[in-house]
1. Return yes or no: is ALA198 surrounded by 23 or more Cβ atoms within 10 Å (Cβ to Cβ) and within 13 Å of the chain's Cα centre (by Cα)?
2. Being in a strand (DSSP E or B) and of a type in the set (A, V, I, L, M) is the filter here; which residues of the stretch 668-690 pass it?
3. Picking from LEU433, LEU422, which residue would you name as being part of a strand (DSSP E or B), open to solvent by 60 Å² or more (accessible area, probe 1.4 Å) and in contact with a strand residue (DSSP E or B) (Cβ under 6 Å, 6 or more places away or on another chain)?
4. Could you grab me the full set of residues in the stretch 50-94 that are out of contact with any Gly (no Cβ under 9 Å at 6 or more places or on another chain) and open to solvent by 10 Å² or more (accessible area, probe 1.4 Å)?
5. Pick from the stretch 579-619 the residues that are among the basic types (Lys, Arg), farther than 30 Å from GLY78 by Cβ and touching a residue at least 40 places away in the same chain (Cβ under 8 Å): which of them is surrounded by the fewest Cβ atoms within 10 Å (Cβ to Cβ)?
6. Just to be sure, is SER748 farther than 30 Å from GLN57 by Cβ and out of contact with any His (no Cβ under 6 Å at 6 or more places or on another chain)?
7. In the stretch 209-247, what residues are basic (Lys, Arg) and closer than 21 Å to SER269 by Cβ?
8. With respect to SER539, is the statement that it is over 30 Å from ILE461 (Cβ atoms) and either part of a strand (DSSP E or B) or modelled with pLDDT of 90 or more (or both) true?
Amino acid sequence: MGNPRCNIGSCNHVLADSARLVLLMILLVGFLAAPLFAKGTGSLTGVISGPGGVGLQGASVMIVGEAGQTTSYSGERGVYRSVALEPGLYDVTVELDGFEPTTTTGLAVAPGSTSNVDFQLALRAYHEVVTVIGESPLDTVEAAELREGSARDVGEALTRLPGVWKIRKGAIASDLNVRGSHGADLNVLIDGQRLYGACPNGMDPTAFHVDFAEVDRVEVSKGPFDIRNAGSLGGVVNVWTRDAEAGTHARAAFTGGSWGAVNPGFTLSYGGESFSAAGGVAYRRSGVYEDGSGIPFTQNAGYKPQAMDTDAYRAGAAWLKGQARIGEKGLLDLSVARQRADHVLYPYLQMDGITDTSDRFALAFEQANPASGIDAIRARFYYTSVDHWMTDELRISSAAVPAAYKMATQADSIVAGGRVELCTGGLTCGIELADRRWSGKTSMYGMPAQASIPDARQRMIGPYAEYTRPIQEKLVLTLGGRVDGAWASADFQPLNQSLYEAYHGVTAGDRSNALTSGSARLVRDFRNGLELSAGIGHSVRQPDPEELYVAIRRSGTDWVGNPSLDPTSTTGVDVTADFSKSGFASTVSLFYDRLGNYIQVYSQPRQKMIPGIMNKAAKSFANLDARRYGAEVAASFPFTSSLSMSASVSLVRGIQDTMPDKGIKSSDMSEIPPAKGRLLLRYDQGRIWTEAEGIFGAAQDNVDTDLLESPTPGYAVLNLRGGWRFRSVSAWVVLDNIFNRTYYEYLSYQRDPFRSGFKVPEPGRTITLGLTWNH
């Protein structure tokens, strides 16, 4: 497996790349910032934000006065600046695709001064009511930011946000990690709907099951503060898909690039007074990429020679939404979507995804002002399913057997659920319900098929309420709470019960738990551009069916759930300061999470001799206590109407209690990413835009040696982007990792026992081309 540490040569590369990036930015700033020094003129600056108060990038700011007209564009965190304006009165119009335009008139600009004017845009939706995640540290990424890059899926694109990392398993379908939380501790939703991947080893995370062409925006809520969605220990990632806008619209998009990557997509929508519809199709494919040394990521990962240069993934998707007005303020919404993927390579694991099909169906109703004193009532019901088939037929592990594969798993995941919600004044109350069914059958050559996930069922129903009210002027309090009833059961086979008894001395049965969650947050606006918020939250989840009931008899080491696990919880504190003045915008967040009964993988010795159970140990799950803490700092400043710079730093540290009696000796939590930094220089004059981006990762030595994690060396990479807009057409090009470095974001081997031990590198120098047409 190796132990990659930062040597003198790699450290020199990091320093050299960092120096080149800083020098480039200094030269560009000096060349393009000259308008700042124009005498006798003034400037306008401020922040453009969306419904949740999060800054929006790429909004156009058209400023019209007697002296003429000029246009600026907002950079990261929504900051804009228009300089060298002649003194006088101006009308300002702000527009961004997907939002209602807004205009402010009569803004005064004085010579030698800067006027600060902020704008908040409303979503341009067919809905009367727009749902936004409740009070918590929140980031959003809009559609344009998602698409105008080289990311292959939504999960990979979100890593530009502070506090968000990815766990790479192959060329696509990377897992998300938010402030050190991942997997079952992180709620990832699509339009507020729960969709769970069927693979016990996480091949198919939720964000993989939606194409860029379908996505309108993504909200990322950090920490255990969201009470609308049960079990949000580490936060919520909500992927919102596109709705129809007024009129008839068509959009065609294509991205392609290195290693044969292509992603065409087409959407069509119609929005009338009483009816709207939107739909589309998309396809994604890529070959096997190479790292900075020119080595395919399949090399040394146990692939057969004929499989090392095949497609890395193929996936097609189609979706349709229809909305109809009911009366003056009611809306009925129906949506369906399907994605089918095949031949998805996962060198991180011992098997690959041969097929993966997901289906989504939702029916929703919204009514604004249904009665006196009630602002809105809404209801949504959904059904999602995933059918997943994985084998090792592409690996040399299957070469010695006469069958097509040596091991395989057929897994299916189905979720039916919904919520009903009522809003009145500052109070939102509702009830959420979900019924999850998960089954998996594993086959290994020479052994009978096993119910690895024994038709497990997990049900939940929970009422919740959240109330926001001003305590005094500029001081707002938000309180929320929920109580969940949770039940888990399974259709146990004799082998499953034998494994539970052999390793844990128990037989599995039905589980029921009452789970209580809550949060409180104070927000104070100091009027001088500073806003402080402090929150405390507590969230609880029932153990995942895999953690309770997985059961596989294997050669060497078995894999067994622990039916005695207790629910796990996170109690977190977050303090955030937002400051905005004269075009400068910054956010500083500090957080601390206390994890009670955190569920960790460990090696469990056999306790009882049971006929047929021959191994001396199994990989299983144990409860322990842990802590996570960290910080995120982000800032952005526009030098001119076209030139802006932004930077961010994110770090998280995880510490767990040791349990020597269970062989848990490492005090470092697993899958904790290293500190990362990001520096971006953006030039946008409307028709043409360019970006220079530096990504920096610190060395990670705090690793879980019990799970064979190994330290990761630091890295620095430089990416360049540029684009062109003309009427309804836009095009862009991205050059990632231009110095062609070989590096790893971080190493993690949590997914025992089907981890391969292979380190999946990031791609080497990569070029991506994109073209969109909107009508």
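1. For ALA198, the condition - surrounded by 23 or more Cβ atoms within 10 Å (Cβ to Cβ) and within 13 Å of the chain's Cα centre (by Cα) - is not met.
2. Hits for the stretch 668-690 are LEU679, LEU680, LEU681, ILE688.
3. Answer to the selection: LEU433.
4. PRO51, GLY52, GLY53, MET62, VAL64, GLY68, GLN69, THR70, THR93, listed by residue number.
5. LYS608
6. In short, yes.
7. Hits for the stretch 209-247 are ARG217, ARG242.
8. no
The values are calculated or read from the model by the stated rules, or taken from the named source; none is laboratory data. Everything quoted here is computed from the prediction, not taken from an experiment. In this analysis, Cβ positions are derived from the backbone assuming ideal geometry, glycine residues included, and neighbour counts consider all displayed protein chains. All accessible areas refer to the heavy atoms of the entire protein, side chains included, with ligands and DNA or RNA removed. Shrake-Rupley method; radii C 1.70, N 1.55, O 1.52, S 1.80 Å.
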